[in-house]
Amino acid sequence: MVEPEPPEPEWSELVTRIRFQSLPARDRARISRENRWGFSAPELARIVAYFRGVGRDPTDVELAGLAQSWSEHCSYKSSRPILRAAFRPLQRDPRVLGTGDAGVMKLGPRTAYALRIESHNHPSAIEPYGGAATGIGGILRDILAVGAQPVALADPLFFGPLDGGAPVATAGGKSARYLYEGVIAGIRDYGNRVGVPTVTGSIGFAPEYLTNPLVNVGSIGLLPRSRLRPNRALAAGNSLVLVGGGTGRDGIGGVAFASQELTEASDEESRGAVQLGNPILKEPLMRACLEAYDRGLVGGVKDLGGGGLASASGELVHAGGFGSVIDLDHVPLRDPALRPWEIWISESQERMLLDVKPAHVPELLGLFRKYDVPASVVGTVVKSEFETLRHAGRIVAHLRLGFRIDPPPARRPRRAPSVKDQKLPIVKESDLAGLTAELLLAPDSVSREPILRVYDHEVMGRTVVKPLHGKVETPSHGDAAVLAAEPGGALGLAVAVASQPFACAHDPNRGAALAVEELARNLYSVGARPDALTNCLNFGNPEDPRVLGGFEACVRGIASASKELGFAVPSGNVSFYNGGLGREILPTPVLLGVGIVPDIGKAVTSDLKESGDLLYLVGPTEPELGGSLFARQRGLRNLAVPRPDPNSLRRRGERLLRAGKQGDLRAVHDVSDGGLAVTLAEMSFGGALGFEVEVAGLGLASSAHALAAEGGSRWVVEVAPDRANSFEKVLRGEPWVRLGSVTPREGVYRQRGEAVARLDLHALYRSWREGLGRPTLTA
């Protein structure tokens, strides 16, 4: 039965009717551009057909809501078919408990963990401090929206080179260093003030990110399974309760802004689309929500992020198979002059929408008063296909909810990536010490300590293996952080990130699979078995068949490698339209992974422990250098990308876990960016020790090539002499070589026993540690 349209006297005079039906197509397109709705020509035609069918023109409130829900950012209209085909099988894994606002995975018999990663790229390009800070706020709400308490943050970041150079067009003419320092300050201030530790992350630098930096933020949460909340309304008659901050003008049109490329006008026109964060309110909001969940006062829940109340209410109610009646007069406002459409789509921060039985409403409101967090009943779930919005007692919108929330996918053309004939490199470097210094002191290698030190990674007291490994006086890089899953218990979660944009630029499918392999190696390194990953897929304009074809190749690479390595993929995010002003980012899939550590007391770090210990290289050394740090430093192109081999990697990783369980491992570090040269140096730095290793005979034509190569999924492992036989038995049947030993001071490379290079590790460490400088971190 079709629900009739409300009679004309019930409609508000405060809304504007857009006379779409009587306008030619070019005028409809112009109005869409002027209002920054972002509708395509087919979408405008679909809107006209819908309203012709109901016999009236749309209101500005209805069109504003449609613009949010149909944006690329909210609807995934370009990526949805590709993602479903690739990842749906990996979400049927019996370990997966939920795939809503965050993925939820089984942990203990009665516990679970949540994971999610998001992007805040466009806002950070306009206002780096606020964009990054509200990115943290948003990812915390995603974790909260499934019933989990956030316990960790991650921040994979990409910027243009910090050393300046020729002027580059950016939104507002901002320098890479300005963006870099503003982003880090925003992450620092929000994360530290809300009391959630930032335990892992990464930073990459390349000219492709000058115009459009990438600010990806991830989070991990813990929950009892009984607290798991659905992201859907549960029953008609339930109240919709808006809790958290007041609604203002900040963030209006944010998702439409994020669904287009940056332009010269973006800095001025879109600054209002950047939200304003309030971590001091977020902390009691999280506590109040968790207590409400535990008391059984909340049915479904949705966070207010992109698209504001329009997206949150529509998705929550439609997912339950219902409609809604919402009274915008009951939305708490910071600015009483807001118009109805602004209230509807504002993305003001620190807000959640709760589905609550009417009998529970008084207790819920009292609970939020206790925490001094605003809460207001703004609507009702109804047994209907429609959502009806009221303002000042009159109707301002009445739409079939399925029409707004479920736009058809955009069937865009795709062009399969053209992987050129790629060649193997010839590396003839004779100065091995100079090569090591070049790789070690590159911007992508130098110490991240100046950044990590401004983040609080100790708050909550769960961080067992910290972001920096090694001695207090000489901290170095590790592969993953480890968190205690429960107070006083042995079970832990390892958390790591990985990305291979330079390899993806050469070969999207292989590059994406290599990122999954890197993630697995990072987790195995600390004694964790890979369990789940979430992805943030950062790409350019999906209307370009070349970009969408590369996107599809990357997605398939991630899915295939994840299946082979035992990763479930319960959540993810897509960020398109990264670029503009004549520049496009590299294809940059970023992964956040979690592994299970059975005994946190046996977790392994990367720093060398004792002079006289033996050093092993586990895994084959492959010759390909496509996407490697060596190739980037030398400007080498069209080199072959290493061949992924996830099955062999998983087999070797399980051998390492067995060796760790029986006490064979003193230190482990995976071989990745910068190859064996950087891996050995970082291990030495952390332990304030040296090494002597044989670099000839690793299967490549030159020792320099062996030091720079990154392929083959390898680890360097430190083993005490009295555990050597035990360790070698575990590795039986796998490729490995005894490289040499740990020494008290310097680094020595040998070829067939003869020392051919000596490294002053103390001097190298000083330069490496100061490589990024100390950011000023002004907000």
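Going by accessible surface with a 1.4 Å probe and the largest first, GLU5, GLU682 read GLU5, GLU682.
In loop segments of the range 461-564 as defined by DSSP, the trypsin sites (Lys or Arg not before Pro) with at most 14 further C-beta atoms inside 10 Å of their C-beta are LYS471. Average accessible surface for the range 282-335: 28 Å² per residue, computed with a 1.4 Å probe over protein heavy atoms with every protein chain in place.
Post the alpha-carbon centroid distance, the range 511-545 to the range 280-317, in whole angstrom. The range 511-545 and the range 280-317 have Cα centres separated by 29 Å.
The amide H of ALA757, built 1.01 Å from its N in the peptide plane, has TYR749 as neighbours under 5 Å, considering only residues 5 or more places off or on other chains. Taking Cα centroids, how far is the range 429-443 from the range 85-141 in Å? The two parts, judged by their Cα centres, are 38 Å apart. Amide H of GLY299 versus every other amide H placed in the peptide plane: which residues, excluding those fewer than 5 positions away on the same chain, fall under 5 Å? Those lying under 5 Å, H to H, from GLY299 are ASP355, VAL356, LYS357. Residues LYS106, LYS383 ordered from highest to lowest accessible area at a 1.4 Å probe: LYS383, LYS106. Give me the percent of the accessible area of the chain that comes from carbon and sulfur atoms, probe 1.4 Å, all protein chains in place. The C+S portion of the solvent-accessible surface of the chain is 49 percent. Here the Karplus relation 6.51 cos²θ - 1.76 cosθ + 1.60, evaluated at θ = phi - 60°, turns the backbone of the range 38-50 into coupling constants of x, 6, 7, 4, x, 5, 4, 5, 5, 5, 4, 5, 4 Hz, with x for every Gly and Pro. When only Cα pairs below 8 angstrom with a gap of at least 6 residues are kept, the range 545-673 shows a relative contact order of 31 percent. In this structure the amide hydrogen of ARG390, modeled in the peptide plane, comes within under 5 Å of the amide hydrogens of ILE326, ASP327, LEU328, VAL396, none closer than 5 places in sequence on its chain.
Phi-derived couplings, Karplus 6.51 cos²θ - 1.76 cosθ + 1.60 at θ = phi - 60°, listed residue by residue for the range 544-551: 8, x, 5, 5, 5, x, x, 4 Hz, with x used for Gly and Pro. Is the shape of the range 329-486 rounded, prolate or oblate, going by the alpha carbon gyration tensor and its root eigenvalues a ≥ b ≥ c, with a/c under 1.5 for rounded and a/b larger than b/c for prolate? Oblate, since a/c reaches 1.5 and b/c is not below a/b. Exposure check, 1.4 Å probe, all protein chains in place: ASP544 carries approximately 40 Å² of accessible surface.
Applying 0.36 nm per residue to the separation of ASP599 and GLU754 and subtracting their alpha-carbon distance, the gain on full extension is 51.6 nm.
Just list whichever of LYS466/LYS563; LYS106/LYS602; LYS602/LYS729; LYS428/LYS609; LYS77/LYS563; LYS106/LYS471 have alpha carbons separated by over 31 Å in the model shown.
Working: LYS466/LYS563 29 Å; LYS106/LYS602 22 Å; LYS602/LYS729 20 Å; LYS428/LYS609 33 Å; LYS77/LYS563 25 Å; LYS106/LYS471 35 Å.
Long pairs (Cα-Cα over 31 Å): LYS428/LYS609; LYS106/LYS471.
Only protein heavy atoms count here; on that basis, with a 1.4 Å probe, HIS120 has an accessible area of about 30 Å².
Where the only charges are on Cβ atoms (+1 Lys, Arg; -1 Asp, Glu), what is the dipole of the chain about its Cα centre, to the nearest 20 debye?
Working: 89 positive and 88 negative charges, 325 e Å.
In total the dipole reaches around 1560 debye.
Relative contact order for the chain: what is it in percent, counting Cα pairs under 8 Å that are at least 6 residues apart?
Details: 1969 pairs, mean separation 115.4, N = 779.
Relative contact order comes out at 15 percent.
Angle, helix 176-194 long axis vs. longest principal axis of the chain, Cα atoms, 0 to 90°, nearest 10? The angle comes out at about 70 degrees. For the range 1-67, the list of GluC sites (Glu not before Pro) that fall in a loop by DSSP and count at most 11 other C-beta atoms within 10 angstrom reads GLU13. Using the Karplus relation 6.51 cos²θ - 1.76 cosθ + 1.60 with θ = phi - 60°, the per-residue 3J(HN,Hα) values for the range 21-36 come to 5, 8, 9, x, 4, 5, 6, 4, 5, 5, 4, 4, 5, 4, 8, 6 Hz, with x marking Gly and Pro.
The values are calculated or read from the model by the stated rules, or taken from the named source; none is laboratory data. Please read these numbers as outputs of a predicted model, since none were measured by experiment. Neighbour counts run over all protein chains shown; Cβ positions are idealised from the backbone, glycine included. These area figures cover heavy atoms from the full protein model, side chains too; ligands, DNA and RNA do not enter into them. Shrake-Rupley method; radii C 1.70, N 1.55, O 1.52, S 1.80 Å.
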